[in-house]
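Here's the structure, in structure tokens; my notes come after.
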């Protein structure tokens, strides 16, 4: 069975500093991986996706993620955090049946 | 705006009661998913429908049931409510389950916040 682990439940950064949200996955197959973002009192929105093309994936709002098969990781990064990036971020893996498994989420706080 | 509409946005009720949450998927989407989000459990997948048929079941309690109607809207029924059922309930839609798994394109509504007192 597919699974995904988000290594940090909460990450706090200062505005203008880099963001790193960590995600490890478990999969017996070549997975599809996604990051979703949830702003306060809003639904989840697709941020970016990896579907076996380029290993470095660019998403919206300056975020990107790199698929590393050897490390079974799909960490989300952004060079410079903005106050509007404060939200909950979910790493998602899609298995061979194309069922999607959500991670527990990482809450990102951005300090001024 | 994702195109997915959920009603009601907020609902307050008492223990033992029954409520119905409604979801209208994006135009053209055949698959509907229900999720429960609470502080202690995180985001939990409940159930999925595709073109009126149940396709997958997650951590859905027996007190809960759902269905998808011919016009593709879906309802989640929660009965014999307990304090622990207080949560944000999300509906999401996709063109088809296979498509969602490949593209990750699940479109979420803004949720129905249920408070059980």
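The values are calculated or read from the model by the stated rules, or taken from the named source; none is laboratory data. On a predicted model such as this, the values are computed, not experimentally measured, just so you know. Reconstructed Cβ throughout: ideal geometry from the backbone, glycine too, with neighbour counts over all protein chains shown.
Assess whether residue B:69 counts as being within 11 Å of chain A (Cβ to nearest Cβ) and either crowded, with 16+ Cβ neighbours inside 10 Å or modelled with pLDDT of 95 or more (or both). If you could, list the steps in order and put the result at the bottom.
Working: within 11 Å of chain A (Cβ to nearest Cβ): no; either crowded, with 16+ Cβ neighbours inside 10 Å or modelled with pLDDT of 95 or more (or both): yes.
For residue B:69, the condition - within 11 Å of chain A (Cβ to nearest Cβ) and either crowded, with 16+ Cβ neighbours inside 10 Å or modelled with pLDDT of 95 or more (or both) - is not met.
Can you pull out the residues in segment A:53-98 that are out of contact with any strand residue (DSSP E or B) (no Cβ under 6 Å at 6 or more places or on another chain) and part of a loop (DSSP other than H, G, I, E, B)?
A:53, A:54, A:69, A:70, A:71, A:79, A:80, A:82, A:95, A:96, A:97, A:98
Considering segment A:99-112 alone, what residues qualify as being within 14 Å of chain B (Cβ to nearest Cβ) and not in a strand (DSSP E or B)?
Within segment A:99-112, the subset within 14 Å of chain B (Cβ to nearest Cβ) is A:99-107.
Residues satisfying the conditions are A:99, A:103, A:104, A:105.
Which residue pairs have Cβ atoms under 7 Å apart, sit 6 or more places apart or on different chains, and have a first residue in segment A:66-86 that is without any contact (Cβ under 8 Å) to a residue 12 or more places away in the chain and a second that is not in a helix (DSSP H, G or I)?
Final answer for the pair search is A:66/A:55; A:66/A:56; A:66/A:75.
Can you find, within segment A:47-58, the residue that is farthest from residue A:103 (Cα to Cα) among those that are surrounded by fewer than 18 Cβ atoms within 10 Å (Cβ to Cβ) and within 11 Å of chain B (Cβ to nearest Cβ)?
Out of the qualifying residues, it is A:52.
Can you run down the residue pairs with Cβ atoms below 6 Å, 6 or more apart or on separate chains, where the first is in segment A:29-46 and exposed (fewer than 15 other Cβ atoms within 10 Å of the Cβ) and the partner is not in a strand (DSSP E or B)?
Close Cβ pairs satisfying both conditions: A:29/A:96; A:30/A:52.
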